[in-house]
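The structure appears below as structure tokens.
The values are calculated or read from the model by the stated rules, or taken from the named source; none is laboratory data. In this text, all values refer to a predicted model and were calculated from it rather than measured experimentally. Backbone-built Cβ (ideal geometry, glycine too); neighbour counts: all protein chains shown. Only protein heavy atoms, including side chains, enter the accessible area calculation; ligands, DNA and RNA are left aside. Shrake-Rupley method; radii C 1.70, N 1.55, O 1.52, S 1.80 Å.
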Amino acid sequence: MISQVSFAIAATDLSASELPATASRNGVKPRNVVFILTDDHRYDAMGFMGHPFLETPHLDSLASHGVHFKNAFVTTSLCSPSRASILTGLYTHKHRVIDNNRAVPEGTIFFPEYLQRAGYATAFIGKWHMGGHSDEPRSGFDHWVSFRGQGHYLPPNPNYTLNVNGERVKQKGYITDELTDYAVDWLEDQQHSDEPFFLYLSHKAVHGHYIPAQRHVGRYEDKDLSFLPRGEGITAEKNSPRWVRDQKNSWHGIEFSYHSDIGLDTLYRRYCELVLSVDDSVGRVLDQLKKMGIHDETLVIYMGDNGFMWGEHGLIDKRVSYEESMRVPMMMQCPDLYEGGKVVDNVIGNIDIGPTILHAAGLQTPDYIDGQSFLDLPNTPRMTWRKNFLYVYYWEKNYPQTPTQYALRGDRFKYITYYGVWDTDELYDLSKDPAEKNNLLHDPAYKSVAIEMENELYKMLGDAGGMDIPMNQPRGGSQNKRWSDIGGKSAAAFPAALVVETPANRTAK
């Protein structure tokens, strides 16, 4: 018998015409689905999450008229690996897109291919990124609008183009608005079609460099940002890893952000202003569904591809296993299915997106996929669901400050372990310490918890075929500088638990 891991690997070698069989779900009428993905949008950067000033009425409406998944996470907090997990339903070490430089392996199956086989019209509009050298149409999509790599908020030159169904078409204006134009136009074209549709709208925003739409520039220039953390309480005495405190003065640290002196506040203001155009986009898509008379019956899912640190642990950016990095916004709306204002506490992953959309299309999830459908979860809160979620990140020479790491995120505790770095692992009680400042790994009272979670983490890795570390040849430069003026010439202190006052080995001869 072929193992599930072997089957998952074998499935990536199949052509679209040889897709594994997918059974139909009895009694499920195929629904139209809109999936909206944004870049670097952290879980709490929305008005309804209690943000001090961000105005996001349309994102708020998805929660108030639908479902908010308050504990949504990604398998790897990095653009390309996360997007590959969304499209394949696989953990990062299976789909092998472990960083932003690696293209998707030839023959990889994307879940929209199953939708096409079931008679869906499918469209991808926006940032692809997996293999940034090419913006050619990918399998699974009938309609295609994209650009190479990160793209640009505004055309960098008069001849800059997008790829529209294989043709070069000039980018005319602000990319968030322009992608929304393409999305609305495509939806309009589905008005009189008998086929169900799937729209994947994948925004560049709110990724840096932070260039808001002109109408939003300066909106938050005078807002008080004293609520932003600055790495307070992250100390050797509380057994914070040394590499984390060293990273504060780095490309991904608040003292030397992107190797500039622009400062945390300026970057954060622009980031918030970028969110406004995304909110406008969501509003326009919802309005189009209303004009078509299909708003209430259409499943709309909104999600971020990864979170983002804004001063927590002294860091910016993502990659790490802390909550603000791996946790993402996720809302789902379909008035015909869900009463508004529902909140789901279960741990949801980006690997669950494909299975959920296949479920909405009346299809079973193929056996090799790691994720599971959460379509019924809001209305069946006691259904069987995962207890722990697996997170991985693989070291990149381009950004060498962050080591390879694995994390197990449960309902209460999180365990983090590192590979190839002389430092401490971590254990946090999220119910008492949501900011993850007090590392309990060396506390005797939590020794059994640490052992249990370590065992479970490696069991999950083993079951999922993740005990080998995938590698890529490094590409590009290495952002490995420190700023001498703010202590860049000296390293941080070791975690207290690693420092002894007397020799520990009394038997050496």
Would you check if there is a residue in the stretch 103-126 being modelled with pLDDT under 95, within 17 Å of the chain's Cα centre (by Cα) and either of a type in the set (S, T, N, Q) or assigned to a helix (DSSP H, G or I) (or both)?
no
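Condition check: aromatic (Phe, Trp, Tyr), touching a helix residue (DSSP H, G or I) at 6+ places or on another chain (Cβ under 7 Å) and open to solvent by less than 10 Å² (accessible area, probe 1.4 Å). Does Tyr210 satisfy that?
Details: aromatic (Phe, Trp, Tyr): yes; touching a helix residue (DSSP H, G or I) at 6+ places or on another chain (Cβ under 7 Å): yes; open to solvent by less than 10 Å² (accessible area, probe 1.4 Å): no.
No; evaluated as a whole, the condition is false for this residue.
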Check the stretch 251-268 and report whether any residue there is surrounded by fewer than 21 Cβ atoms within 10 Å (Cβ to Cβ), touching a Lys or Arg at 6+ places or on another chain (Cβ under 8 Å), not in a loop (DSSP other than H, G, I, E, B) and not charged (D, E, K, R).
yes
Specify the residue that is farthest from Ile369 (Cα to Cα); the eligible residues are those in the stretch 433-469 that are open to solvent by less than 70 Å² (accessible area, probe 1.4 Å), assigned to a loop (DSSP other than H, G, I, E, B) and free of Cβ contacts under 8 Å to residues at least 24 places away in the same chain.
Asp443
Quick one: would you say Ala123 is closer than 22 Å to Ser325 by Cβ and open to solvent by less than 10 Å² (accessible area, probe 1.4 Å)?
no
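Looking for something free of Cβ contacts under 8 Å to residues at least 12 places away in the same chain and of a type in the set (Val, Ile, Thr) - is there at least one such residue anywhere in the stretch 353-371? Write out each step before concluding.
Residues of the stretch 353-371 that are free of Cβ contacts under 8 Å to residues at least 12 places away in the same chain, as a first pass: none.
Checked against the condition, which is being free of Cβ contacts under 8 Å to residues at least 12 places away in the same chain and of a type in the set (Val, Ile, Thr), the stretch 353-371 yields no hits at all.
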Selected residue (criterion: modelled with the highest pLDDT) from residues of the stretch 84-102 that are surrounded by fewer than 23 Cβ atoms within 10 Å (Cβ to Cβ) and of a type in the set (Lys, Arg):
Arg96
Please specify each residue of the stretch 109-148 satisfying the condition of being hydrophobic (A, V, I, L, M, F, W, C), free of Cβ contacts under 8 Å to residues at least 60 places away in the same chain and over 24 Å from Gly304 (Cβ atoms).
none
Does the stretch 149-167 include one or more residues that are assigned to a helix (DSSP H, G or I), free of Cβ contacts under 8 Å to residues at least 24 places away in the same chain and within 24 Å of the chain's Cα centre (by Cα)?
no
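If I go through the stretch 439-498 residue by residue, how many of them are among the hydrophobic types (A, V, I, L, M, F, W, C) and within 30 Å of Lys387 (Cβ to Cβ)? Even if it seems obvious, please write down each step before you answer.
Taking the stretch 439-498 as the starting set, the residues that turn out to be among the hydrophobic types (A, V, I, L, M, F, W, C) are 440-441, 445, 449-451, 453, 457, 460-461, 464, 467, 469, 471, 483, 486, 491-494, 496-498.
Those left that are additionally within 30 Å of Lys387 (Cβ to Cβ): 440-441, 445, 449-451, 453, 457, 460-461, 464, 467, 469, 497.
Within the stretch 439-498, residues that are among the hydrophobic types (A, V, I, L, M, F, W, C) and within 30 Å of Lys387 (Cβ to Cβ) number 14.
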Quick one: Lys29 ticks every box in (1) modelled with pLDDT under 95; (2) over 18 Å from Ser373 (Cβ atoms); (3) assigned to a loop (DSSP other than H, G, I, E, B) except a single one, so which number is it?
(2)
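Here are Glu273, Glu339: which of them is more than 22 Å from Arg409 (Cβ to Cβ), over 16 Å from the mean Cα position of the chain (by Cα) and open to solvent by less than 30 Å² (accessible area, probe 1.4 Å)?
Working: Glu339 fails: open to solvent by less than 30 Å² (accessible area, probe 1.4 Å).
Testing whether each residue is more than 22 Å from Arg409 (Cβ to Cβ), over 16 Å from the mean Cα position of the chain (by Cα) and open to solvent by less than 30 Å² (accessible area, probe 1.4 Å) leaves just Glu273.
Filter the stretch 382-403 down to residues that are of a type in the set (Phe, Trp, Tyr) and under 20 Å from the mean Cα position of the chain (by Cα) and give me whichever is surrounded by the fewest Cβ atoms within 10 Å (Cβ to Cβ). Walk me through how you get there before you give the answer.
The first filter runs over the stretch 382-403 and keeps only residues of a type in the set (Phe, Trp, Tyr), leaving 385, 389, 391, 393-395, 399.
Next, only the ones that are under 20 Å from the mean Cα position of the chain (by Cα) stay: 389, 391, 393-395, 399.
Details: Phe389: 24, Tyr391: 25, Tyr393: 26, Tyr394: 22, Trp395: 22, Tyr399: 20.
Looking at residues that are of a type in the set (Phe, Trp, Tyr) and under 20 Å from the mean Cα position of the chain (by Cα), I get Tyr399.
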For the stretch 51-72, indicate whether the set of residues that are among the hydrophobic types (A, V, I, L, M, F, W, C), surrounded by fewer than 21 Cβ atoms within 10 Å (Cβ to Cβ) and at pLDDT 95 or above is non-empty.
yes
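Do we find that Gly349 is on the phi > 0 side of the Ramachandran plot, surrounded by 20 or more Cβ atoms within 10 Å (Cβ to Cβ) and touching a strand residue (DSSP E or B) at 6+ places or on another chain (Cβ under 8 Å) in this structure? Step through it out loud before you land on a result.
On the way: on the phi > 0 side of the Ramachandran plot: no; surrounded by 20 or more Cβ atoms within 10 Å (Cβ to Cβ): yes; touching a strand residue (DSSP E or B) at 6+ places or on another chain (Cβ under 8 Å): yes.
No.
When residues of the stretch 90-99 are filtered for being touching a Pro at 6+ places or on another chain (Cβ under 8 Å) and either farther than 15 Å from Glu396 by Cα or assigned to a loop (DSSP other than H, G, I, E, B) (or both), how many remain?
Looking only at the stretch 90-99, we keep the residues that are touching a Pro at 6+ places or on another chain (Cβ under 8 Å), and these are 92-93, 95-99.
Still in the list and also either farther than 15 Å from Glu396 by Cα or assigned to a loop (DSSP other than H, G, I, E, B) (or both): 95-99.
Looking only at that region, the number is 5.
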Scan the stretch 289-312 for residues that are part of a helix (DSSP H, G or I) and open to solvent by less than 10 Å² (accessible area, probe 1.4 Å) and jot them down.
Leu289
Scan Asp287, Asp246, Asp280, Asp305 and give me the residue that is modelled with pLDDT of 95 or more and farther than 27 Å from Ala72 by Cα.
Asp246
If I filter the stretch 470-509 down to residues being open to solvent by 60 Å² or more (accessible area, probe 1.4 Å) and closer than 30 Å to Asp370 by Cβ, which single residue comes out as nearest to the chain's Cα centre (by Cα)?
Met471
Can you tell me which residues in the stretch 168-184 are of a type in the set (Phe, Trp, Tyr) and assigned to a loop (DSSP other than H, G, I, E, B)?
Tyr174
For the stretch 354-381, enumerate the residues that are surrounded by 22 or more Cβ atoms within 10 Å (Cβ to Cβ) and among the charged types (D, E, K, R).
Asp370
Can you tell me how many residues in the stretch 147-176 are open to solvent by 40 Å² or more (accessible area, probe 1.4 Å), closer than 21 Å to Asp279 by Cα and not hydrophobic (A, V, I, L, M, F, W, C)?
3
